[in-house]
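A.B. asks: Sharing a structure, written as structure tokens. Questions coming.
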Amino acid sequence: MMSDAPGLFGELFADSEMSSAMSDKALLHGMLGFEALLAHALEVEGLAPAGTAAAVAGQCDPDLYDIAELGRAATLAGNPAIPLVKALTARVAAASPEPAKWVHYGATSQDVIDCAYVHMIGRGLKLIDLRLGRLVQAMRPLLEAHRATPVIGRTFLQQAIPISFGVKAALWLDPVLESRRILHDILEAPVVQFAGAAGTLAALGDDAERVQNQFVDLTLGSPSSLIPWHAQRHRNARLAAELGILTGNLGKIARDVSLMAQTEIGELAEPEAPGKGGSSAMPHKRNPVLCTLILAAAQRAPGLVGTMLTAMPHEHERALGGWHAEWPTLPELFRVAGAALAQTVTLMEGLQVFPERMRANIDLTHGLVMSERVSVALADALGKAQAHHLLEEASRVCLAEDRHLREVLGNLAAVTDHLDDSTLDHLFDPSTYRGASDAIIDRVLLRCAHPRESVPAKDTA
């Protein structure tokens, strides 16, 4: 496991909060929590004598154990649960021999480790949910403030037609809202693991179901899987995939912002801060460092997701390597996604928007980007094919003579016979070429107001 102490790269790739949530100490806390709850369940159901739960819980403080020592023993044992159970049993026995007999009773190493990961995942998902909430709050004003701010839409990296920056921001935000809903659902319904050596809790005999149900009830109401999931890893794989999807969507935002922040474009800029985005060689540089780190995370995440998917085919009732591959992979995916999310929050909270540059870039082509709109307006009078051909020819003249398309069309009788000056002026105003823009923005804003709904309600007003 990776240390939660910052190193030479600081918090470029993993922030301290998420690193702490995914730390060895957090995992140890979850493993000891499993043992304390199991002892409690055994006592409540009458298998273990009174006092067992208190005796075991009293030795379940993570600070009582040397993580490095447990790690050395795990290297030989094959997993950290084996030396931990031995150490816990010894500590309980030193205080009271009888309760020590019930430490880890009926359980297996995978129960301990899987439940510890459920604990860690919960910590990680709470952080993700909080950060997603901040990101939504940072992005929502962009939709509202720039509902009618025209910006050029680009396809294949070339200018296409004007859209509004509010729509662009809405299309960034919508998949973020979807990930928030899915990850929140996973957070709200953690599934614990207590299934014994081969998944049947056979060691507990006729008491198996009662003890299992009691254990589940004690874990703050976490549901029990209908089946043991020692070798059925779809939930972890699905979680990993969603973290990868979230990170990829954050990468999409960073890609767009970085392209729009290029010197020649200048439509957006990252937040300013002393020393941020500098160059060791060029004093004038203002590099998009937040976008860089978000994109780095988006490029790392798919490999980690791929490992989780590759590890799914477990052998029989216990995996030979697949389960073990999950141990370092899922926490690292949380670190990667968590860091990208924190950086995206910072990016969106301080994003600088330059509407005047957006408008200037629309005007670069001397009105050519409005040719579609004029063609549609002429189609009623001339027919679609003839209107399209007329605009093609006018566009060629515009390029050859370096003239504005509005001027060229204003001198063509085929156009002015059907469109007067005021109509042409309106057709060349990009702020009025909106189509369904308001509806798109309103749908996403409605989803912000109802984040737990998979599909927003239709506006019947």
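The values are calculated or read from the model by the stated rules, or taken from the named source; none is laboratory data. Here the structure is a predicted model, which is why all the values come from computation and not from measurement. Counting neighbours? That spans all protein chains shown, and the Cβs are built from the backbone with ideal geometry, glycine included. With ligands, DNA and RNA removed, areas are computed over all heavy atoms of the protein, side chains included. Shrake-Rupley method; radii C 1.70, N 1.55, O 1.52, S 1.80 Å.
A.B. asks: Across all directions of projection, what mean area in square nanometres is found for the Cα convex hull of the stretch 315-448?
C.D. replies: 16.0 nm²
A.B. asks: What FRET efficiency do you get for L320 and A54 if R0 is 45 Å and r is their Cβ-Cβ distance, rounded to the nearest 0.05?
C.D. replies: Efficiency computed from Cβ-Cβ geometry: 0.70.
A.B. asks: How large is the Kirkwood hydrodynamic radius of the stretch 36-87, counting all unique pairs of alpha carbons, in Å?
C.D. replies: Values: mean 1/r = 0.0826 Å⁻¹.
Taking every pair of different Cα atoms in the stretch 36-87, averaging 1/r and inverting gives 12.1 Å.
A.B. asks: Take the alpha carbon atoms of the chain, find their radius of gyration, then divide it by 2.2 N^0.38 Å using N residues; give the quotient.
C.D. replies: So the Cα radius of gyration is 1.32 times the expected 2.2 N^0.38 Å.
A.B. asks: Per residue and in Å³, how big is the convex hull formed by the alpha-carbon atoms of the stretch 84-211?
C.D. replies: 173 Å³
A.B. asks: Separate question: How much of the calculated P(r) for the stretch 22-155 lies past 27 Å, in percent of all Cα pairs?
C.D. replies: 38 percent
A.B. asks: Given Cα pairs under 8 Å that are at least 6 residues apart, what percent is the relative contact order of the stretch 86-203?
C.D. replies: The normalised contact order for the stretch 86-203 reaches 33 percent.
A.B. asks: What order do W102, W323 take when sorted by accessible area (1.4 Å probe), most exposed first?
C.D. replies: Result, largest first: W102, W323.
A.B. asks: Determine the distance separating the Cα centre of the stretch 252-269 from the Cα centre of the stretch 407-450; give it in Å without decimals.
C.D. replies: 25 Å
A.B. asks: Calculate, in whole percent, how much of the Cα-Cα pair population of the stretch 382-445 lies beyond 17 Å.
C.D. replies: 53 percent
A.B. asks: Please report the net charge: other residues with Cβ closer than 14 Å to the Cβ of Q386, K and R +1, D and E -1.
C.D. replies: -3
A.B. asks: Nearest 500 deg cm²/dmol is fine: what mean residue ellipticity at 222 nm does the chain get from its DSSP H runs of n ≥ 4 alone, each adding -39,500 (n - 2.57), divided by its residue count?
C.D. replies: That calculation yields -20000 deg cm²/dmol at 222 nm.
A.B. asks: Now a separate question. Going down the table (K126/K168; K25/K168; K25/K101; K168/K384), which pairs top 31 Å between alpha carbons?
C.D. replies: K25/K168
A.B. asks: So, counting K/R as plus one and D/E as minus one, what does the shell of residues with Cβ under 12 Å around S371 add up to?
C.D. replies: Net local charge, S371 excluded: 0.
A.B. asks: Over the chain, what is the relative contact order in whole percent, taking alpha-carbon pairs under 8 Å and six or more residues apart?
C.D. replies: Relative contact order for the chain comes out at 18 percent.
A.B. asks: Can you figure out the FRET efficiency of A94 with A73, using R₀ = 25 Å and their beta-carbon distance, to the nearest 0.05?
C.D. replies: After rounding, the FRET efficiency stands at 0.85.
A.B. asks: Taking the stretch 81-181, which trypsin sites (Lys or Arg not before Pro) meet the DSSP loop condition and have no more than 16 other C-beta atoms within 10 Å?
C.D. replies: When the trypsin sites (Lys or Arg not before Pro) of the stretch 81-181 are filtered for loop state and at most 16 Cβ neighbours within 10 Å, K101 remain.
A.B. asks: In the stretch 239-388, what is the volume of the convex hull around the alpha carbon atoms, normalised per residue and reported in Å³?
C.D. replies: Roughly 198 Å³ of hull volume per residue.
A.B. asks: Treating only the Cβ of Lys, Arg, Asp and Glu as charged (+1, +1, -1, -1), what charge dipole size does the chain show about its Cα centre? Round to the nearest 20 debye.
C.D. replies: Result for the chain is approximately 460 debye, rounded to the nearest 20.
A.B. asks: Let me ask something additional. DSSP loop (so not H, G, I, E, B), at most 16 other Cβ within 10 Å: list which GluC sites (Glu not before Pro) in the stretch 39-75 pass both filters. Walk me through the numbers on the way to the answer.
C.D. replies: Numbers: sites: E43, E45, E69; in loops: E45.
In loop regions of the stretch 39-75 (DSSP not H, G, I, E or B), the sparsely surrounded GluC sites (Glu not before Pro) are E45.
A.B. asks: Right, something else. Could you pull the accessible area for C60 with a 1.4 Å probe, rounded to 10 Å²?
C.D. replies: Taking all protein chains as shown, C60 has close to 20 Å².
A.B. asks: For a quick check of your reading of the filter: which GluC sites (Glu not before Pro) in the stretch 300-375 sit in a DSSP loop and have no more than 13 other Cβ atoms within 10 Å?
C.D. replies: Qualifying residues, ordered by number: E315.
A.B. asks: Below 12 angstrom from the Cβ of T310, what's the summed charge of the other residues (Lys, Arg +1; Asp, Glu -1)?
C.D. replies: Once positives and negatives cancel, what remains is 0.
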